[in-house]
Amino acid sequence: ELGVERRFVPESCPRAVRPGDFVRYHYLGAFPDGTRFDSSYDRGSTFNVFVGKGQLIAGMDQALVGMCVNERRYVKIPPKLAYGSEGVPGVIPPNAVLHFDVLLIDLWNSEDEVQIQTYFKPEKCPRTVEVSDFVRYHYNGTFLDGTLFDSSHNRMRTYDTYVGIGWLIPGMDQGLLGMCVGEKRIITIPPFLAYGEDGDGKEIPGQASLVFDVVLLDLHNPKDGIAIENQLVPESCERRSQTGDFLRYHYNGTLLDGTLFDSSYSRNRTYDTYVGKGYVIAGMDEGLLGVCTGEKRRIIIPPHLGYGEEGRGKIPGSAVLVFDIHVVDFHNPSDSVSITVHYKPSNCTVLSKKGDYLKYHYNASLLDGTLLDSTHSLGKTYNIVLGSGQVVLGMDMGLQDMCVGERRTVVIPPHLGYGEDGVEGEVPGSAVLVFDIELLELVSGLPEGYMFVWNGEVSPNLFEEIDQNHDGEVLLEEFSEYIQTQVETGKGKLAPGFDFEKIVKNMFTNQDRDGNGKVTAEEFKLKDQEAKEEHDEL
């Protein structure tokens, strides 16, 4: 009788040999005394055959039925189920009992199809693989017995290919269809949908079933454009970005599987660029159009609008990119100062002009609302002479034509503010500034070019009045004391907002033509004559 001893049975046996199946197995053939007459191991290849179709001796045809892949059986075959009374001349004597130690390596049927077992699927699956899509995936490739023949993980590089157009073996073309990014599945492929009778000539033998453990990392189609997902759009959006605008934004850049490759947040600095002019990748150029300040959006960029087949740095070739952006501000180089008046007193007759001395409170912030500075927190006003360069040009413009008590918001583009460099530790480069201003006091200035004016008629004996000791020379001390007296008695007025000593010294230097530290009557008169012609301060 046929004897079958199951020496090893794997815990998992999803499928057992049935008549009509094709099997690949290793064996050792010996006589009862232990003498070996044949071995597949010696030939370095499995024995490949259909079961139950008369291609084997009857005893082996029967013994293989019910076996699992990786099962090991010890088979005793009597002569009547082997080579009988004739034997095989020179190899197997007549009426020989044969012993076979059999290990099943592979099993398939000509009616098999690709088998797919999904063992992980993301909760969100907005898109699945279709014919003509381009995918990037990792895989481990094994035979049915678990022997590894290839792995993209070992090469530390994804396998990148089109699906459904013949770039892959047919079984893999089928097995990848319908996958989501992040999905993990086991794809089992019979040899007639893989490398067939000949194998690949390298690691894969002929008639081998293949098992691929696949995780899909990326997916796109060459016809794809960018995709935009709005995550947060401010209720108030007075302006949207256009071609030529300059944007400052934060971003996290990831691959489709969530792998982070870059982040502006980690550098603690926004990414600043022009939009629509080719300064950034084409997909980002497009994705940044139409945004509001404060908006958050996700921009998904296919590789042909990103870094293409070659990739860049941490970005692999043919990678879909996902940017989660937060727009901090934007402006256009043609922008001027924007003024919004919130309150204006009814008796608004005196308006600020160049040369006026102003005292005002302000809150300074960025467009996204980040507070930069506030005079309220300091408990004192900010005091300037309007138009004298004591503040940025945009503020000089924004404070014009204002009356005491008025409140306004002044928005200043960076080219009229602190420019590309900003103020280290205080104002970012290329930042749009927002000032909420309240004018508290206005002291009218002098006509342009004047630092001192008389409130009445000028004395015809002006030099003699200044020269108190009547020595024909006026020193700085005498000059300073005289001017101070005129201001205190209301006869003269100095330009407001400037240091008294500096103004007086400047006036004295203008009169001291020879630079000897003294002003004579001749110099004074000569200078007095020039003053009448050139509108000098005296």
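The values are calculated or read from the model by the stated rules, or taken from the named source; none is laboratory data. Here the structure is a predicted model, which means the values were calculated and not measured. Cβ coordinates were reconstructed from backbone atoms using ideal geometry, including for glycine residues, and neighbour counts include every protein chain displayed. The protein model used for the area step is the full one, side chains on, heavy atoms only, and it has no ligands, DNA or RNA in it. Shrake-Rupley method; radii C 1.70, N 1.55, O 1.52, S 1.80 Å.
Under the convention that each Lys and Arg Cβ holds +1 and each Asp and Glu Cβ holds -1, the size of the dipole of the stretch 338-443 around its Cα centre is about 460 debye.
Accessible-area rank, largest first, for Ser388, Ser377, Ser263: Ser377, Ser388, Ser263, with all protein chains present and a 1.4 angstrom probe. Quick one: angle between helix 521-534 and the longest Cα principal axis of the chain, in degrees between 0 and 90, rounded to 10, please. On a 0 to 90 degree scale, this one is about 60. In order along the stretch 109-122, phi translates into HN-Hα couplings of 10, 5, 8, 4, 10, 5, 9, 10, 10, 8, 10, 7, 9, x Hz, rounded to whole numbers, per the Karplus curve 6.51 cos²θ - 1.76 cosθ + 1.60 with θ = phi - 60° and x for Gly and Pro. Within the straight-line cut-off of under 16 Å between alpha carbons, the lysines reachable from Lys380 are Lys359, sequence neighbours fewer than 8 places apart in one chain being disregarded.
Report, ordered by chain and residue number, the aspartates and glutamates lying within cross-link reach of Lys277, taken as a straight Cα distance under 20 Å and ignoring same-chain residues fewer than 8 apart. Those aspartates and glutamates meeting the cut-off are Asp245, Asp285, Glu286, Asp329, Asp335, Glu420. Placing a label point 7 Å from the Cα of Ser346 along the Cα-to-Cβ line, the residues of the stretch 407-433 whose backbone N sits under 19 Å from it are 407.
Close amide H contacts of Leu372 (hydrogens built in the peptide plane, cut-off under 5 Å, sequence separation of 5 or more or a different chain): Ala364, Ser365, Leu366.
Quick one: order Arg239, Arg155 from most to least accessible surface, probe 1.4 Å.
Values: Arg239 100, Arg155 120 Å².
Sorted by accessible area, descending: Arg155, Arg239.
The modelled label-to-label distance for the pair Leu378/Glu477, using points 7 Å beyond Cα in the direction of Cβ, is 3.7 nm.
Our summary of shape: the Cα atoms of the chain have principal axis extents of 156, 51, 37 Å, ordered from largest down, in whole angstrom. From its DSSP helices (H runs of at least four residues, each -39,500 (n - 2.57)), the chain gives a residue-normalised ellipticity at 222 nm of -4000 deg cm²/dmol. Our coupling estimate for the stretch 306-315, obtained by passing each phi through the Karplus curve with A = 6.51, B = -1.76, C = 1.60 and θ = phi - 60°, is x, 10, x, 6, 7, x, 6, x, 7, 9 Hz, Gly and Pro reported as x. A straight chain from Val423 to Ser236 at 0.36 nm per residue would run longer than the Cα-Cα distance by 64.4 nm.
Taking other residues whose beta carbon is less than 15 angstrom from the beta carbon of Tyr362, and scoring Lys, Arg as +1 and Asp, Glu as -1, yields -3.
Note on the stretch 380-431 and the stretch 95-171: Cα centroid distance 66 Å, given to the nearest whole angstrom. Atom-type composition of the exposed protein surface of the chain places 48 percent of the accessible area on carbon and sulfur (1.4 angstrom probe).
Between the amide H of Leu219 and those of Arg136, Val320, distances stay under 5 Å, these residues lying 5 or more places away or on another chain, with hydrogens modeled in the peptide plane. Each residue of the stretch 472-481 was assigned a 3J(HN,Hα) from its phi angle through the Karplus curve 6.51 cos²θ - 1.76 cosθ + 1.60 (θ = phi - 60°); the sequence is x, 9, 10, 8, 4, 4, 5, 4, 5, 5 Hz, with glycine and proline shown as x.
So, by mean Cβ neighbours within 10 angstrom, what's the order for 63-72, 145-154, 91-100, 7-16 with the highest one leading?
Working: 63-72: 20.3, 145-154: 13.8, 91-100: 16.6, 7-16: 11.6.
Averaged packing, sorted descending, gives the order 63-72, 91-100, 145-154, 7-16.
The radius of gyration of the Cα set in the stretch 147-205, together with its Dmax, comes out at 12.4, 34 angstrom. Between the Cα long axis of helix 500-511 and the first principal axis of the chain there is an angle of about 60°, rounded to the nearest 10.
With 26 Å as the limit, the listed pairs Lys354/Lys502; Lys344/Lys493; Lys202/Lys314; Lys184/Lys296 have Lys344/Lys493; Lys202/Lys314; Lys184/Lys296 beyond it between alpha carbons. Taking all protein chains as they are arranged and a probe of 1.4 Å, the heavy atoms of His331 leave approximately 10 Å² accessible to solvent.
Rounded to the nearest 20, the size of the Cβ-charge dipole of the stretch 227-331 about its Cα centre is 220 debye, with Lys and Arg at +1 and Asp and Glu at -1.
Sorting Trp108, Trp454, Trp167 by solvent-accessible area of protein heavy atoms yields Trp167, Trp454, Trp108, largest first, with a 1.4 Å probe.
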